[in-house]
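Taking it in order: structure first as structure tokens, then the write-up.
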Amino acid sequence: MKRTLSPSGAPVKFRDLFCGLKAELFNDDSIRIFKKQVADYFGCNNIFLLSSGKAALFQILKAISSFSDRKDIIIPAYSSFCLASTVAASGLSVKLCDVDLKYLDFDLEHLSRLVDEKTLAVIPVHLFGLVARLDEISEITRSKGAFLIEDAAQAAGAEYNGQCVGTIGDAGIYSLGRGKSISTVHGGIIVSKKNDLANVIAENVRKLPFTKVPNKFSMLFTAFAITFFLRPEFYFIPNSLPFLKLGANIYAPDFKSFSFSKLQAGIGKKNFIKLDSYNMQRMKNARLLSKSLINTNKVALPQIAKKTQPCFIRFPVICMDSKSRDRKFYELNKAGLGISKNFPFPLSKIKEFKKYIVNSNDGFPNSKKLCEILLTLPTHPFVKKKDLMNMVEIISL
């Protein structure tokens, strides 16, 4: 039995699952309780719970489209295939923006050239729990009257200038998937302090179908599997089964949106109170990694933007070249240390997505380079100090 770390994740306990099952079977008020927890934490009364992060962002895009005839959405060229899937599902046009290799968010110079009178929204992504440079991005976005929509799927609990990311733009989303800050197996949250936008979202969300019973059984089965197999002593089992496609980047714009189930809310209300403690553990692990790797000449570390407090659901390291990256990946993977290469290529290279992209010929050199040289290390609560020291030793070779 080999100790193997997952690349990311938040522990879910069996008693949390039973709380979810109880909520579903006995029709309690878990949804109301969970919604209030979220509202109190983020300081925002307009809270919407949906079946996934993709469903959450889709509803925002649908709502903002009713305010304007504009059609262009600007997203990072280096980002999750889920983001591409959601924008494609909305039917809107896409402008891809290259990324900054120091901050891992938008290349601000490229962004300033892309935003124009056709831009409906700019979507900064708080990647890996790092926080995007929102002041600069907001100024560029607002100068052309576009919406600012925060993709905080990986950054629940991170802060910009003392405010929770996700609450600073016109609207924001968080993901409750299995690899995020906390998990309800699947799920997404919309937050918005813009009341007119929230009213449109509310009307659309009310029309969503309820989660179907077979989906609930599937979700419960997945929840039990995650609870058991996420543990380092058992993760080697699913990790050794290629057909599970763990961590695979999948472009799937044909997803369905459902309302949030009582099962998810029951799990969520037990897990949400652990968000800060999980993030504190992630930050503790990230600080140790940063302190140990800051002076090595083998990798570079991303720069933390001013006025930000990241939450680091993964710790990114930038290798010197692709050969060095692949060598480190091999050794870290062999040691069961939860290493990940993340996105295999920029969004511009997704064949089925190209028809939505307005500027597919821009090149995106930084995004391409990042796909070749970036690794992320796990920081979740199952990671021990010994694991971190093993990571440092292998990376420093």
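The values are calculated or read from the model by the stated rules, or taken from the named source; none is laboratory data. Remember, predicted model here, so these are calculated numbers, not experimental data. Virtual Cβ from ideal backbone geometry, glycine too; neighbours counted across all protein chains shown.
Of note:
- Candidates are the residues of region 111-145 that are among the charged types (D, E, K, R) and farther than 19 Å from Gly172 by Cα; the one that is surrounded by the fewest Cβ atoms within 10 Å (Cβ to Cβ) is Glu117.
- For Leu241, the requirement of being surrounded by 14 or more Cβ atoms within 10 Å (Cβ to Cβ) and either aliphatic (A, V, I, L, M) or more than 23 Å from Leu370 (Cα to Cα) (or both) is not met.
- When the residues of region 358-390 are filtered to those that are buried (at least 18 other Cβ atoms within 10 Å of the Cβ) and more than 23 Å from the chain's Cα centre (by Cα), the one that is modelled with the highest pLDDT is Asp387.
- Which numbered condition Gln303 fails, given (1) exposed (fewer than 15 other Cβ atoms within 10 Å of the Cβ); (2) under 22 Å from the mean Cα position of the chain (by Cα); (3) in a helix (DSSP H, G or I): (3)
- Residue list for region 39-92, restricted to those being assigned to a helix (DSSP H, G or I), among the polar types (S, T, N, Q) and under 16 Å from the mean Cα position of the chain (by Cα): Ser85, Thr86
- Looking only at region 341-364, and only at residues there that are aliphatic (A, V, I, L, M) and assigned to a loop (DSSP other than H, G, I, E, B), the one that is farthest from Leu246 (Cα to Cα): Val358
- In region 177-222, the qualifying residues are those that are crowded, with 16+ Cβ neighbours inside 10 Å and among the hydroxyl-bearing types (Ser, Thr, Tyr), and the one that is nearest to Gln163 (Cα to Cα) is Ser192.
- Test for Asp72: is it closer than 30 Å to Ile226 by Cα, of a type in the set (D, E, K, R) and either buried (at least 20 other Cβ atoms within 10 Å of the Cβ) or without any contact (Cβ under 8 Å) to a residue 12 or more places away in the chain (or both): no
- Look at region 128-140: where a residue is part of a helix (DSSP H, G or I) and a partner is among the aromatic types (Phe, Trp, Tyr) and buried (at least 19 other Cβ atoms within 10 Å of the Cβ), sitting 6+ places away or on another chain with Cβ atoms under 7 Å, you get Phe128/Phe312; Gly129/Phe312; Leu134/Tyr160; Ile137/Phe106.
- Set Leu108, Leu96, Leu148: member being surrounded by fewer than 23 Cβ atoms within 10 Å (Cβ to Cβ) and touching a strand residue (DSSP E or B) at 6+ places or on another chain (Cβ under 8 Å): Leu148
- Top-ranked residue in region 244-260 [being at pLDDT 90 or above and not hydrophobic (A, V, I, L, M, F, W, C); ranked as surrounded by the fewest Cβ atoms within 10 Å (Cβ to Cβ)]: Asp254
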